[in-house]
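The values are calculated or read from the model by the stated rules, or taken from the named source; none is laboratory data. Computed from a predicted structure; not experimentally measured. Here the Cβ is made from the backbone with ideal geometry for all residues, glycine too, and neighbour counts use every protein chain on show.
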């Protein structure tokens with residue numbers, strides 16, 4: 001094994017993912033968001049979309065590295081997809097779409113699908129999709145409008161952030177809480193260890 005210090009690249013601009021990693025004392029050496037087309041394919045299932053996007057981001061960064069960087073660099077990419085049944089709810093385009101998402105989830109169960117892909121220095125790839133079921137309380141129009149006015153929905157899959165004001169909407173969670181925030185720490189840590197990361 002090379003004596004060079006292992007490097008970790010986080011292929012995401014999400015401050016939430018960075019904060020989560022820091023909770024378990026993992027600090028990426030570089031943050032390199034991957035710019036890929038995130039448009040769902042026709043008929044693509046939400047879990048397949050989460051997996052494909054995390055793989056696409058990791059591979060895009062891996063291919064952009066110089067050959068000498070491959071000797072000690074791990075790449076971590078993730079993507080979050082929120083879905084109800086087979087209907088995917090991405091990042092709302094505007095307040096109108098965010099409102100529609102909240103009304104759809106009101107009083108019902110939805111799933112948060114977290115795709116995680118890690119590529120090791122020798123090119124081995126490990127991928128998982130972590131599924132968390134979330135049930136919202138029945139939301140009043142006032143609650144929805146107050147949330148829309150907060151702008152907290154902007155840039156969030158499904159139009160909400162569980163660690164913010166929307167935490168009051170959550171009646172129950174089945175599965176990983178950190179997956180809803182943006183990255184399942186349990187799975188991520190185990191995957192990194194499985195690929196030989198010691199950082």
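Numbers below:
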| item | result |
| --- | --- |
| Count of segment 26-43 residues which are over 18 Å from residue 14 (Cα atoms) and either surrounded by 15 or more Cβ atoms within 10 Å (Cβ to Cβ) or in contact (Cβ under 8 Å) with a residue 12 or more places away in the chain (or both) | 1 |
| Matching residues, segment 63-72, being in contact with a strand residue (DSSP E or B) (Cβ under 8 Å, 6 or more places away or on another chain) and either part of a loop (DSSP other than H, G, I, E, B) or crowded, with 17+ Cβ neighbours inside 10 Å (or both) | 65, 72 |
| Some residue of segment 54-61 being modelled with pLDDT of 95 or more, in a strand (DSSP E or B) and surrounded by 14 or more Cβ atoms within 10 Å (Cβ to Cβ) | no |
| Hey, residue 78 within 15 Å of the chain's Cα centre (by Cα) and buried (at least 18 other Cβ atoms within 10 Å of the Cβ) or not | yes |
| Residues that are over 12 Å from residue 160 (Cβ atoms), in a helix (DSSP H, G or I) and in contact (Cβ under 8 Å) with a residue 24 or more places away in the chain, drawn from segment 73-102 | 95, 97 |
| Residue check, residue 143 without any contact (Cβ under 8 Å) to a residue 40 or more places away in the chain and either within 21 Å of residue 111 (Cβ to Cβ) or assigned to a loop (DSSP other than H, G, I, E, B) (or both) | no |
| Lone unmet requirement of (1) in contact (Cβ under 8 Å) with a residue 40 or more places away in the chain; (2) touching a strand residue (DSSP E or B) at 6+ places or on another chain (Cβ under 9 Å); (3) closer than 24 Å to residue 178 by Cα for residue 60 | (3) |
| Residues satisfying the stated conditions in segment 1-25, i.e. in contact (Cβ under 8 Å) with a residue 60 or more places away in the chain and surrounded by 15 or more Cβ atoms within 10 Å (Cβ to Cβ) | 6, 7, 8, 9, 10, 11, 12, 14, 16, 17, 20, 21 |
